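One structure below.
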Amino acid sequence: MKYSLPTFLFASMLSFSSWAQLSVQNLTVENLSIPIGIDKAQPRFSWQLKSDKKNVKQTAYEISVRSGKKLVWSTGKISSENSLRIPYGGANLASDSKYTWQVKVWDNQAKAPALATANFQTALLRHDEWKAQWINSGIEGDSVNGIVPHLRKTFEVKKPISSATVFVTSRGLYEASLNGKRVGDAFLTPGWTSYNKHLQYQTYDVTKQLSTGKNAVGVTLGSGWYRTKLAWENHKNLYGKETALLFQLHITYADGSEDWIVSDNSWKSTPSHILFSEIYDGERQDLRKESKGWDLANFDDSKWQNVKIASFATDYLNASVNEPIKKHETFKPIKVLTSPKGETILDFGQNVVGWVKFNISGKAGQMIKLYHVEMLDKHGVPYFENLRSAKAQAHYVLSGEPNQTIEPHFTFFGFRYVKVEGLEGKINPEDFTAVTLYSDMKPLGSFECSNPMVNQLQKNIQWGQKGNFLDVPTDCPQRDERLGWTGDAEVFSRTAAYNFNVNQFFAKWLKDVSADQEPDGAIPFVIPNVLGKVTGAAGWSDAGIIIPYNMYVVYGDKQILQDQYASMKAYLTHVRGLAKNDLWNMGFQFADWLSYRVDDSKSTIGQKSAVTDVYLVAQCFYAYNIELMIKVAKVLQKNEEVADYEALLQRVKKAFQQEFMTASGRLISETQTAYILALQFDMLPESLRQNAVNRLVENIKSYDYHLTTGFLGTPFLNPVLTRYGQNDVAYKLLLQDTYPSWLYPIKSHGATTIWERWDSMKPDSTFQDPGMTSFNHYAYGAVGDWMYRTIAGIDTKEADGAGYKASIIKPELGGGLTFAKGSYLTPYGKIASNWKIEGDILALEVEVPANTESTVYFPTSDISSIKSNGVALTDLKQEGKWISKTFGSGKYAFTMKIK
Ligand code: BGC
C-alpha cells in the first residue's frame, strides 16, 4: 500500500515526534562548570541527560578530549549508565592549556546519540612550573593593623598573543589588575586556608586584558585572615607577619613562542590610600592619597620603592578546587531611620554579609564613617555590644572628587543596619547599596509551602548560609569570632547541601581539617584552626567524619571519602583512645550547646532547664561516628575494617545502655536531646524504643509543645519524631511561634536570618548575653533538611543510590499545610515534589531526573484511590503504613484520597 505524502509526512512526524528528544547538559569537570585552573592529572568528567521521555536510562557514552583540533584522548563507545565523574585516561595533559571535551551519549529511548561540548583549562600540573618568586612590599608599616601596599610592574608585549593566563596567590589577600582592569571577579582571594600547610592559587584567562606594547600589572595586598586579629584572645600574625604575593603571567604568542611575567625584585611598591584594613575592625581609606592610574602602563612610579623577595615555599600550592567568593545580591535601604540620639541609620531590610558601596560628591577631607550592626534595640538605638571587640566600621576621607563610588576591599561586615556619620545635608538612601559577598555556590534547592512564616524560615536559613559560607563555613559574620566552627558546620551540612552545591566548598575545607588535625588524630574545634591544640569534642570534631559522608550521600562523589579517609580513620582511632571501656566519658565536651535554660528568658513554658549529660551526648556521637565509618568503609570496600567497626559499634551501644539507661529504658537525662540522640543512633534495645518515644513526646508536651534542644539535639528532633510516627508533633514544633521555637524570632522580632540562641533577642525585646549572641548563626537552621526531606519529601537513597541515582519521594503531610513545593538539582538533573490538598484529594506532581529512578511513597492509606494521570496505579507495594512504587525518570501527576 503506497502512502500519500501527507500521510507519510504525518506518519514520519508521528514517528519522529515519537523519537525521543535526548539532550546532554550541565557538563562539569571536577564538579565545576567550564573550570579555568584544573590541576588534576586525571580530571573527572560529568554530564546530565535531559529527555521528554519517561524511564530514560543511559546505555553508553563516548568522551573525547581535544587540544585545538588535535584529539588527545577518547574513551570510544563505553556501554555504561555512569554519567558522573569519569576520570580522564589519556596521555598527560599539558599545563596551562585549553582543552575541549565532548561527550556523546546513547540512551534506551532515542534513536540517535546526543552530543555536548565544553571546555576546561589546566593549571600548573607540576610544582616546579612556578617561575615566580614570593615578593613582599618591603614597606615600613606594612604590618597587621598597618598600611595596605600597592605593588606594580610594567612589561612589554612585543607581538600578537594567542593566550595569556595569570596564576596568582598571596599570603594575605590580593586584588590584581592588568592595565587598570580587575583580574577576575572574585573577592577576598585566595580565601582562608591553613596557609602554611594548604594554600590555593587562582587561575585567570587574561588574554583580552593585554595589549601589544607596554602593559602594567598592579596588585594590592591586604592582611586578610593571614595576619589579622583572629578570635577573642587578640591572636595576630597567626600565619605570618609579612604579606606576600606570588604572581605568574604566562603569555603564549601567536607564533607559539612564550613569555612569563613573574613576581620578582623588579616590582615596585608604595603605600596605597587604604590606611588600614582588617577583618573584624573594618577599613580606613584616605581617598586624597589615592594614586589615580597607579596600575596603568604609563604611570610614573619612579618614587616607588623596590619590593623585597620573600622566602616562602611554592611546592605545596594547589589550584583552587572550590568556587571563589563573589558579589551577589545587592540591597538598597528600605528605610532611613533616626535614632533617639539623632543618628542616621540605614535599614537594608535583610541581615547580610558583605559591605556597603556608596556614591558621594563630598569635600576634600570630609570623613564619612559607616557603623555596621545587625539589630537596633527596642528604642531604635544601634546594638553594638554583640560585636564584642570587633569594630566593624568603614571610614573614608573624601578627596572632594565629584560623584565618587566608594567601597572597601579587604574586610567584610555582618549587618542589616548601618549608622552613617559625616554626611552633610539630607541622606539619599539611593546612594547606598549593601553588596553581599559569599562563595559562588550554585543554588540547587527550592522549598515553598502554604505557610508564609515557614517560607520566611526557609529564606532565613538560606541567608544564614549565604552569610556564613565565605570560603569557610563560619559560625557568625559580625563579632570578633567568624571562625570555621566544626560543630555548626556538621549539624548544618545536610541542609547546606540541599540549598546549594557545597561539594567543592567542603572538599576544600576538609583539606584544612586534615591539615590542622593533630598528630594524635584530634580534630580542632575550628578549621582553619586558630584556637590551639584540643583533644576533640563530640559533635564538633566529628565534623571530620560526618561532613565527608553527608557530601558523599548527597552528591555521590566517592573522591571526598577517598581524600578524607585517612583523616577520618585517624580521628576515630583518637576517640577510641580517649574512650575507657568503650565509653567516651572524659575531657571537655560542648554537648548540646545552647539548649533551653529556664533563667534565659523567664519564659513560662517549663520550669526545668534542658541540660543533657555531656557524656551521654558524646557516647551517642561516638556510635554515630562508627556507624558512618562502617558505611564509608563499605563504599571504599575496606571490608576488614567494616568488621572491626561493627564489633566496636555493638560494644559502644552496650556501654551506653549500661552507663546511661535504666532497665526500663529511662535515660539519666530527662531531656528531649537525650531521647532524640538515643533514638536517632539506635542506642536503645528495640523493645525499649517506643517507651523512649513516649517519654520524648511527654517531655515536649510538658514544655507546651516547645523544643528545648541545643546545637546537637535540634537537627535530629523532627527527623526522629517523623521516623517514629510522631509527625504531628514535629509539625507542632515547626509551627510553634513563641520562645523557644524556630518561628519565634520571625513572629516576634521580624528576623531575616537564623539566630545563635533561641532568644538572642528575648520576648521582652532585651538582648541575651552580649558576650555571645549573634543574629546570624546557621546551626539552628539545620531544620531545613527536614523541611526538604519530610515536607517536600525529597531525598536520596544511600549506598548504591547516593547522589540521587536512586531517590525517594516521601512527603509527610501535616501542620495544616495545604501545599508544598520542593525541587532540587541533583547531579543527574532536577527532581521535584509538589503536593496540593483540595478537599479530601491530594494531588502530587513528581519529576524524576533522567538516568535515575525514584521510589514514591504515597501519603494515603487508600491504595485504590491512587491514580497517575487519572489512571489507577497498579503494582503498588505496601510497606507498613506506606504504599510505594518505584518509577523511572519523567514527570508524573498522581492523585489520591487522603481522608
Ligand atoms: C560559636 C559557636 C560554637 C560554639 C562552641 C561559639 O562561640 O559561636 O558557633 O559552636 O562557640 O562553643
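The values are calculated or read from the model by the stated rules, or taken from the named source; none is laboratory data. Not measured: the values here are computed from a predicted model. Reconstructed Cβ throughout: ideal geometry from the backbone, glycine too, with neighbour counts over all protein chains shown.
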Residue within the range 42-57 that is at pLDDT 95 or above, under 26 Å from Glu258 (Cα atoms) and exposed (fewer than 14 other Cβ atoms within 10 Å of the Cβ) present: yes
Considering residues of the range 232-267 that are over 37 Å from the mean Cα position of the chain (by Cα) and of a type outside the set (A, V, I, L, M, F, W, C) only, the residue surrounded by the fewest Cβ atoms within 10 Å (Cβ to Cβ): Gly256
Some residue of the range 526-536 being more than 16 Å from the ligand (Cβ to nearest atom) and buried (at least 23 other Cβ atoms within 10 Å of the Cβ): no
Of the criteria (1) more than 30 Å from Lys885 (Cα to Cα); (2) among the aromatic types (Phe, Trp, Tyr); (3) touching a Leu at 6+ places or on another chain (Cβ under 8 Å), which one Tyr88 fails: (3)
Qualifying positions in the range 304-320 - crowded, with 21+ Cβ neighbours inside 10 Å and either of a type in the set (A, V, I, L, M) or closer than 30 Å to Lys442 by Cβ (or both): Val307, Ala319, Ser320
Residues of the range 55-99 that turn out to be closer than 16 Å to Pro113 by Cβ and outside any strand (DSSP E or B), as a count: 9
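Given the criterion acidic (Asp, Glu), more than 16 Å from the ligand (Cβ to nearest atom) and more than 29 Å from Gly282 (Cβ to Cβ), identify the matching residue among Asp512, Asp516, Asp520.
Working: Asp512 fails: more than 29 Å from Gly282 (Cβ to Cβ); Asp516 fails: more than 29 Å from Gly282 (Cβ to Cβ).
Of the residues listed, the single one that is acidic (Asp, Glu), more than 16 Å from the ligand (Cβ to nearest atom) and more than 29 Å from Gly282 (Cβ to Cβ) is Asp520.
For the range 884-899, give me each residue that is of a type outside the set (Lys, Arg) and in a strand (DSSP E or B).
Within the range 884-899, the subset of a type outside the set (Lys, Arg) is 884, 886-890, 892-896, 898.
The answer is Ser884, Thr886, Phe887, Gly890, Tyr892, Ala893, Phe894, Thr895, Met896.
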Single residue of Ala41, Ala91 found to be touching a Phe, Trp or Tyr at 6+ places or on another chain (Cβ under 8 Å) and touching a residue at least 40 places away in the same chain (Cβ under 8 Å): Ala41
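Can Lys466 be described as away from the ligand (no atom under 12 Å from the Cβ), crowded, with 24+ Cβ neighbours inside 10 Å and assigned to a helix (DSSP H, G or I)?
The answer is yes for Lys466.
Every residue, every condition in (1) out of contact with any helix residue (DSSP H, G or I) (no Cβ under 9 Å at 6 or more places or on another chain); (2) of a type outside the set (Asp, Glu); (3) surrounded by fewer than 21 Cβ atoms within 10 Å (Cβ to Cβ), yes or no:
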site	(1), (2), (3)
Thr796	no, yes, no
Ala806	no, yes, yes
Leu817	no, yes, yes
Lys821	no, yes, yes
Lys830	yes, yes, yes
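Within the range 358-369, identify whether any single residue is under 25 Å from the mean Cα position of the chain (by Cα) and closer than 27 Å to Ala186 by Cβ, and answer yes or no. Don't jump to the end; show me each part of the working.
The initial filter retains those residues of the range 358-369 that are under 25 Å from the mean Cα position of the chain (by Cα), namely none.
Within the range 358-369, not a single residue is under 25 Å from the mean Cα position of the chain (by Cα) and closer than 27 Å to Ala186 by Cβ.
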Residues satisfying the stated conditions in the range 776-799, i.e. touching a strand residue (DSSP E or B) at 6+ places or on another chain (Cβ under 7 Å) and away from the ligand (no atom under 16 Å from the Cβ): Met787, Tyr788, Arg789, Ile791, Ala792, Gly793, Ile794, Asp795, Thr796, Lys797
Meets criteria (within 16 Å of the ligand (Cβ to nearest atom) and surrounded by fewer than 22 Cβ atoms within 10 Å (Cβ to Cβ)) for Gln736: no
Restricting the range 573-597 to residues that are within 19 Å of Ile523 (Cα to Cα) and within 16 Å of the ligand (Cβ to nearest atom), the residue that is surrounded by the fewest Cβ atoms within 10 Å (Cβ to Cβ): Phe588
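So, in the range 698-711, of the ones that are free of Cβ contacts under 8 Å to residues at least 40 places away in the same chain and surrounded by fewer than 18 Cβ atoms within 10 Å (Cβ to Cβ), which residue ends up farthest from Gln658 (Cα to Cα)? Show your work before the answer.
Step one: of the range 698-711, the residues free of Cβ contacts under 8 Å to residues at least 40 places away in the same chain are 698-701, 705.
Okay, now just the ones that are also surrounded by fewer than 18 Cβ atoms within 10 Å (Cβ to Cβ), so 698, 701, 705.
Details: Glu698: 24, Lys701: 28, Tyr705: 31 Å.
Top of the filtered list is Tyr705.
Scan the range 124-140 for residues that are assigned to a loop (DSSP other than H, G, I, E, B) and in contact with a strand residue (DSSP E or B) (Cβ under 7 Å, 6 or more places away or on another chain) and report the count. I'd like the intermediate steps shown before the answer.
First, pick out the residues of the range 124-140 that are assigned to a loop (DSSP other than H, G, I, E, B): 124-126, 130-134, 137-140.
Restricting the remaining residues to those that are in contact with a strand residue (DSSP E or B) (Cβ under 7 Å, 6 or more places away or on another chain) gives 124, 130-134, 137-139.
So the answer is 9.
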Output for the range 188-218, where each listed residue is closer than 18 Å to Lys153 by Cα, assigned to a strand (DSSP E or B) and touching a Lys or Arg at 6+ places or on another chain (Cβ under 8 Å): Ala216, Val217, Gly218
Some residue of the range 441-454 being buried (at least 20 other Cβ atoms within 10 Å of the Cβ) and within 16 Å of the ligand (Cβ to nearest atom): no
Asn499 more than 16 Å from the ligand (Cβ to nearest atom), crowded, with 24+ Cβ neighbours inside 10 Å, of a type in the set (S, T, N, Q) and over 20 Å from Gln559 (Cα atoms): yes
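Is it the case that Ala394 is in contact (Cβ under 8 Å) with a residue 60 or more places away in the chain, closer than 30 Å to Tyr824 by Cα and more than 16 Å from the ligand (Cβ to nearest atom)? Break it down stepwise before answering.
Details: in contact (Cβ under 8 Å) with a residue 60 or more places away in the chain: yes; closer than 30 Å to Tyr824 by Cα: no; more than 16 Å from the ligand (Cβ to nearest atom): yes.
Against the criterion (in contact (Cβ under 8 Å) with a residue 60 or more places away in the chain, closer than 30 Å to Tyr824 by Cα and more than 16 Å from the ligand (Cβ to nearest atom)), Ala394 does not qualify.
Among the residues of the range 739-763, how many are among the polar types (S, T, N, Q), away from the ligand (no atom under 16 Å from the Cβ) and closer than 26 Å to Pro382 by Cβ? Step through it out loud before you land on a result.
From the range 739-763, those among the polar types (S, T, N, Q) are 741, 748, 752-753, 760; that's our starting set.
Of the ones still in play, those that are also away from the ligand (no atom under 16 Å from the Cβ) are 741, 748, 752.
Filter once more, so that each one left must be closer than 26 Å to Pro382 by Cβ: 748, 752.
Qualifying residue count for the region: 2.
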Residue within the range 836-853 that is farther than 20 Å from Ser868 by Cα and either modelled with pLDDT of 95 or more or in contact with a Leu (Cβ under 9 Å, 6 or more places away or on another chain) (or both) present: yes
Pick from the range 849-883, criterion touching a residue at least 60 places away in the same chain (Cβ under 8 Å) and part of a strand (DSSP E or B), ranking: nearest to Ala792 (Cα to Cα): Tyr857
Check on Gly710, of a type in the set (Gly, Ala, Ser), within 16 Å of the ligand (Cβ to nearest atom) and not in a loop (DSSP other than H, G, I, E, B): no
Qualifying positions in the range 370-428 - crowded, with 21+ Cβ neighbours inside 10 Å and at positive phi: Ala392
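Just to be sure before I move on: is Trp540 buried (at least 24 other Cβ atoms within 10 Å of the Cβ) and either of a type in the set (Lys, Arg) or over 17 Å from Met629 (Cα atoms) (or both) in the structure I sent?
Details: buried (at least 24 other Cβ atoms within 10 Å of the Cβ): yes; either of a type in the set (Lys, Arg) or over 17 Å from Met629 (Cα atoms) (or both): no.
So Trp540 does not fit the description; no.
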Test: Thr766 is out of contact with any Leu (no Cβ under 6 Å at 6 or more places or on another chain), away from the ligand (no atom under 12 Å from the Cβ) and of a type in the set (Ser, Thr, Tyr): yes
Counted residues, the range 758-787 - those being of a type in the set (D, E, K, R) and surrounded by fewer than 23 Cβ atoms within 10 Å (Cβ to Cβ): 3
